[in-house]
Structures are given as structure tokens and as C-alpha cells.
């Protein structure tokens, strides 16, 4: 399973999985933490608790990455950077989970998050409590997620809210954003006498008609 993790990280970081990309991936930070996690997971499944504890401690000391011995992730567990990552031992994750540095996936009242497939967690993101993250979810940097997130959502903020919705694609997180429809852009060219008013964020640019001469003099 670790070999599949490394190939996926190579495609994520370098866009390919040939031998050169794989060698570079093996030398990047985060990869060693992935290996220690898979070794710990194997020991845990084979009831080798002392060895699992050793792997857990070595991951924490050498890679600054703390992953509980009971944490379960499917194929494609990728630590893009491992420093400061903390994952509770009751967390359950699907396939192709991509995690940046300083991410916390933690419990609240002994209940931990459940993650579906194809999820990206940005640097410093916090996912806390008995919540569910749907498929192909993206969590922005430093977001604090305390509620369920639907499939295809991009969330951010404190507390996190939905910023964008995408249709699910067969390619998962590797799908290009270029396929998403872009907002319509006005091609109207304002005259020299028109006044441009720059609106608040999230609104379209408005072109106003020339103001009456009396209002201009006020």
C-alpha cells in the first residue's frame, strides 16, 4: 500500500510517476512519515502493539507527525508535508487523502471525523468532532471545520463555510478547474463620462450612468 501512496504523491507533486519523480518524492519531507504510518498500521493490524508503538514514537520524533495507532486510511494516504500533523486514533478516512502541514483531525467528546475519498486538507486546517467530509472536498488553509461538508464542496474560514461547489468527477482532485464554468464577463465599454463604482467583494462590476450636473456640484 505504501508504494501506491508514493506514486500518488509523485503525481500530485510533479505531475508524473516515472522513476525520477519517484526518487524526488522519496527525498521530500512527509514521505518518511507516510512510511512510518503504514508500518504502524501493519503492526496494529497484526496485533504487534509494541512495534506499533515504536513506529508511532519514531514518527513523532523524526517527522514531527503524530498519528494515533488506531487511525485508518485507505489507499492513497499522502502527507505533502508532515510537520505538525496531528490525527486522532479514531479517525477513519477513505482513499486519496492529501494532507498539508499543521493539520489537525481531532476528536470532540471521544467522537472523531469520518473522511470520504479524494479530500485535500490545506495547511493549518482543523477538522474536529463527529462530522463527515464528503467526496472530493477541499478544505482551505487554516479553516476550522466543525460541521458536515457535502460532496464536491470547497470550504474555508473560521468556522468553515462552503465557498464553492463542484460537480463530482471521475478524476477526483486531479480534475482541472478549467472545466468549471466561468462567471460571465460584461463586454460593455464605458464612455469617458461614465463613473466606475467598485463594489464589495462577491458582486459584479457596475457601470453607472452619468450623474446629473446638480449632483456633481454638491
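The values are calculated or read from the model by the stated rules, or taken from the named source; none is laboratory data. Quantities reported herein were computed from a predicted structural model and do not represent experimental measurements. Methodologically, a virtual Cβ is constructed for each residue, glycine included, from the backbone with ideal geometry; neighbour enumeration extends over all protein chains shown.
Being more than 16 Å from residue 92 (Cβ to Cβ) and without any contact (Cβ under 8 Å) to a residue 40 or more places away in the chain narrows it down to one of 162, 137, 127, so name that one.
Values: 137 fails: more than 16 Å from residue 92 (Cβ to Cβ); 127 fails: more than 16 Å from residue 92 (Cβ to Cβ).
162 is the lone residue from the list that is more than 16 Å from residue 92 (Cβ to Cβ) and without any contact (Cβ under 8 Å) to a residue 40 or more places away in the chain.
When the residues of segment 96-113 are filtered to those that are surrounded by 18 or more Cβ atoms within 10 Å (Cβ to Cβ) and assigned to a strand (DSSP E or B), which remaining residue is farthest from the chain's Cα centre (by Cα)?
Once the filter is applied, the top-ranked residue is 105.
Within segment 32-47, is there a residue that is at negative phi, assigned to a loop (DSSP other than H, G, I, E, B) and either surrounded by fewer than 15 Cβ atoms within 10 Å (Cβ to Cβ) or under 22 Å from the mean Cα position of the chain (by Cα) (or both)? Working first, answer last.
Let us first name the residues in segment 32-47 that are at negative phi, namely 32-46.
Adding the requirement that they be assigned to a loop (DSSP other than H, G, I, E, B) leaves 46.
So of that shortlist, the ones also either surrounded by fewer than 15 Cβ atoms within 10 Å (Cβ to Cβ) or under 22 Å from the mean Cα position of the chain (by Cα) (or both) come out as 46.
Yes; the residues of segment 32-47 include at least one that is at negative phi, assigned to a loop (DSSP other than H, G, I, E, B) and either surrounded by fewer than 15 Cβ atoms within 10 Å (Cβ to Cβ) or under 22 Å from the mean Cα position of the chain (by Cα) (or both).
Does residue 50 satisfy being in a helix (DSSP H, G or I) and surrounded by fewer than 21 Cβ atoms within 10 Å (Cβ to Cβ)? Don't jump to the end; show me each part of the working.
Details: in a helix (DSSP H, G or I): yes; surrounded by fewer than 21 Cβ atoms within 10 Å (Cβ to Cβ): yes.
Spelling it out, residue 50 is indeed in a helix (DSSP H, G or I) and surrounded by fewer than 21 Cβ atoms within 10 Å (Cβ to Cβ).
Residue pairs, Cβ under 6 Å, 6 or more apart or interchain, first in segment 34-52 and under 17 Å from residue 83 (Cα atoms), second buried (at least 19 other Cβ atoms within 10 Å of the Cβ). List them.
So the pair list comes out as 34/5; 34/79; 36/55; 36/59; 37/67.
Condition (residue is over 17 Å from residue 1 (Cβ atoms), modelled with pLDDT of 95 or more, surrounded by 19 or more Cβ atoms within 10 Å (Cβ to Cβ) and under 15 Å from the mean Cα position of the chain (by Cα)) applied to segment 61-79: is it met by at least one residue?
no
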